[in-house]
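The values are calculated or read from the model by the stated rules, or taken from the named source; none is laboratory data. Predicted model only: the values in this text are computed from it and were never measured. Here the Cβ positions follow ideal geometry from the backbone for every residue, glycine too, while neighbour counts run over all protein chains shown. Remember, those area values only see protein heavy atoms, side chains included, never the ligands or the DNA or RNA. Shrake-Rupley method; radii C 1.70, N 1.55, O 1.52, S 1.80 Å.
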Amino acid sequence: MLGLMQQQPLLISTLIEHAAQFHGRTEVVSSRVEGDVHRSTWAEIADRARRLANALTQLGVGPGDRVGTLAWNTHRHAELYFGVSGMGAVLHTVNPRLFPEQIEYIVNHAEDQYVFFDLSFTDLIRELAPRLTGVRGFVAMTDRAHMPALDVPNLLCYEELLAAASPEYTWPVFDENTASSLCYTSGTTGNPKGVLYSHRSTVLHAWTACAADGLSLSARDSVFVAVPLFHVNAWGIPYAAALCGAKMVLPGPRLDGESLYRLMRDEGCNFSLGVPTVWLGFFDYIDRQRATLDLAELALARVVIGGSAAPRALIERFDRELGAYVIHAWGMTETSPLATIGMPLRQHAGLPEAERHALQSKQGRAIYGVGLKIVGESGESLPHDGVAFGDLKVRGPWVVERYYGADASALDADGWFATGDVATIDPDGYVQITDRSKDVIKSGGEWISSIDLENAAVGHPDVREAAVIGVAHRKWQERPLMLVVLKPGAVLDAPALHAFLAERVAKWWLPDEIIAVDALPHTATGKLQKVRLRETYRAHQLPTDTA
Ligand code: ADP
């Protein structure tokens with residue numbers, strides 16, 4: 001017997017129309033490429049998304065067509081989120097920090113019909129356009145006065161397109177499993193792979209961001225989106241903010257510590273999200289300007305950190321200096337990305353500070369909709385005892401089934417997706433990522449967690465950032481080498497750092513050598529580029545590796 005309730009597909013257009021109707025006056029504020037701070041509202045975003053849908057229809061974009069973006073976090077990019085997907089086309093957000101060859105591969109692989117770009121990427125478009133043979137036109141996301149001098153086929157002006165289009169548009173109603181947006185993984189090995197989200201997966205995921213034990217985003221929040229709209233749909237925040245009617249603040253191209261600080265202060269942001277490197281820059285600014293800043297002027301109460309492990313030192317700084325609670329979250333492009341979220345349980349009320357920070361250092365618990373398990377080498381499920389570690393597998397309605405253009409499923413025979421991460425799960429369900437499986441250091445048959453070592457190192461007052469990789473060792477197979485970037489003015493005192501680490505990790509984990517470097521390589525999504533570090537130090541001989 002079927003239920004007798006209404007059928008209404010979960011479509012992205014319903015999010016923006018809800019925001020326009022019930023939160024129409026709530027602001028969307030953007031720091032723009034043109035240099036100004038632009039103020040918009042959910043009603044205006046909806047109005048312009050409808051105009052965009054009309055303009056795209058006139059340009060010949062139809063259902064299922066891919067529309068690429070090379071753009072920062074601004075109101076225009078948010079309009080594309082709703083306009084493109086809402087009309088049934090597919091929004092393909094391209095990470096402009098990738099190498100030009102990767103961008104070329106991705107745009108061609110996705111067969112993007114149009115590419116919308118921010119002025120910052122004019123040179124990139126000039127360089128790539130001749131090789132993007134399937135692209136029918138390029139749209140500069142600006143007004144006529146700021147149009148770049150650029151000789152590419154069919155160069156269009158975003159504001160002109162919108163001005164000429166009608167705001168009257170009836171969003172089409174279609175199957176909620178229709179594709180809505182496309183993101184490629186950064187492909188540290190091999191070619192990038194596309195993850196094709198659906199309207200249904202996107203709306204369900206957005207609901208999770210608004211759940212109390214999700215990210216608890218609500219109409220009472222002013223959310224600062226420091227995670228790029230080209231990085232896994234900014235972790236779903238534009239959709240979630242429309243769903244709940246949160247005020248949304250977008251930093252545009254300005255992600256340096258000072259710009260973050262000022263915009264968050266000026267817009268009363270109480271909630272923010274970003275990768276650890278963004279927050280390192282934020283605290284660098286605070287450190288430099290400590291004497292002149294009144295930190296009480298920041299309203300920040302919750303900060304979501306994900307994308308890489310949040311170092312405990314960062315969690316402590318947010319807590320002690322800003323009174324902000326770090327919600328540590330884990331996920332990946334393939335999981336939309338929210339999969340585990342570090343909200344406390346009832347039993348954690350009143351936990352002493354040190355224990356609370358230890359809890360927050362874990363990557364959180366599975367949220368409803370995400371199934372999780374850790375498995376051993378022969379695929380057997382491992383206990384949730386916080387000790388056993390194994391390959392983390394996931395499944396759920398916003399987890400990938402297969403990559404875009406692939407013939408084969410990305411899942412194992414039982415329908416689980418192997419994340420490539422190694423983790424423990426404790427009896428309360430909190431997941432701790434110990435490493436990416438390819439970054440694990442195998443020393444004498446035991447595994448050393450590079451993430452734990454790195455986090456311990458950045459707890460030292462002289463260390464800004466640390467990376468640990470395994471280097472070949474004749475006796476132990478591999479031993480850890482630690483590379484550190486020091487804070488300005490600090491000098492490496494390796495024995496002192498070694499002693500500091502010895503109080504925090506097992507003795508046999510201690511790095512065999514610590515080297516100070518000027519900078520560490522990062523991927524386009526801000527993660528340490530361990531593959532490159534391993535290549536650089538492939539032939540490095542550790543001082544302990546004596547024949
Ligand atoms: P890429 O940067 O390669 O495109 P993603 O952005 O999808 O890929 O990154 C997903 C990976 O990032 C995860 O598999 C995991 O290794 C790492 N990651 C994400 N969040 C965390 C976290 N909170 N702690 C540790 N690692 C994390």
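Note on Ala496 and Ser437: with the Förster distance fixed at 35 Å, the Cβ-Cβ geometry gives a FRET efficiency of about 0.60. What separates the Cα centres of the range 142-177 and the range 43-100 is a distance of 8 Å.
Listed by chain and number, the lysines placed with their C-alpha closer than 26 angstrom to that of Lys193 are Lys373, Lys393, Lys438, Lys527, Lys530; residues fewer than eight positions away on the same chain are left out.
What aspartates and glutamates sit close enough to Lys475 to cross-link, taking a C-alpha to C-alpha distance under 14 Å and skipping anything fewer than 8 places away on the same chain? By straight Cα distance, Lys475 reaches Glu446, Asp512, Asp545. Charge tally around His328: other residues with Cβ under 13 Å, Lys/Arg +1 each, Asp/Glu -1 each, net +3. When only the Cβ of Lys, Arg, Asp and Glu is charged (+1, +1, -1, -1), the dipole of the chain relative to its Cα centre reaches about 140 debye.
Helix 100-110: angle to the longest alpha-carbon principal axis of the chain, degrees 0 to 90, nearest 10? Value to nearest ten degrees: 50. For the chain, the solvent-accessible area with a 1.4 angstrom probe is 41 square angstrom per residue. Taking each residue as 0.36 nm, the span from Ala219 to Ala164 lengthens on full extension beyond its C-alpha to C-alpha distance by 16.5 nm. In order along the range 55-63, phi translates into HN-Hα couplings of 5, 5, 4, 5, 7, x, 7, x, x Hz, rounded to whole numbers, per the Karplus curve 6.51 cos²θ - 1.76 cosθ + 1.60 with θ = phi - 60° and x for Gly and Pro. Can you tell which of Thr434, Gly396, Gly376 lies farthest toward the positive end of the dipole of the range 365-436, using +1 and -1 charges on the Cβ of basic and acidic side chains (Lys, Arg; Asp, Glu)? With unit charges placed on the Cβ atoms, the residue in question is Gly396. Of the accessible area of the chain, computed with a 1.4 Å probe over protein heavy atoms only, carbon and sulfur atoms account for 51 percent.
How would Lys393, Lys530 line up by accessible area, probe 1.4 Å, largest first? List each step's numbers first, then the result.
Numbers: Lys393 35, Lys530 15 Å².
In descending accessible area the options line up as Lys393, Lys530.
Residues Asp256, Asp435, sorted by accessible area with the largest first, give Asp256, Asp435 [1.4 Å probe; ligands and nucleic acids excluded].
Looking at the chain only, what percent of DSSP beta bridges run antiparallel? Nearest 5 please. Approximately 55 percent, going by the DSSP bridge assignments.
With a Förster radius of 41 Å, plug the Cβ-Cβ distance of Ala413 and Glu503 into 1/(1 + (r/R0)^6) and report the FRET value to the nearest 0.05. Could the numbers behind the result be given before it?
Numbers: r = 45 Å, r/R0 = 1.10.
The value I calculate is 0.35.
Decide, for the range 441-536, between rounded, prolate and oblate: order the square roots of the alpha carbon gyration tensor eigenvalues as a ≥ b ≥ c, take rounded if a/c falls under 1.5, and otherwise choose prolate if a/b is larger than b/c, else oblate. Cα axes put the range 441-536 in the oblate bin.
Each peptide among 284-297, 103-116, 122-135 gets the average number of other Cβ atoms lying within 10 Å of its residues, and from highest to lowest they stand as 103-116, 122-135, 284-297. A simple rule links phi to the HN-Hα coupling: the Karplus curve 6.51 cos²θ - 1.76 cosθ + 1.60 with θ = phi - 60°, which for the range 210-219 gives 8, 6, 4, 9, x, 9, 6, 6, 8, 5 Hz, with x for Gly and Pro. If R0 is taken as 60 Å, the Cβ-Cβ distance between Ala299 and Ala539 corresponds to a FRET efficiency of 0.70.
Maximal additional length on extending the Asn154-Arg265 stretch stands at 35.9 nm, based on 0.36 nm per residue less the C-alpha distance.
Full extension of the segment from Ala354 to Arg126, taken as 0.36 nm per residue of separation minus the current Cα-Cα distance, would add 76.8 nm.
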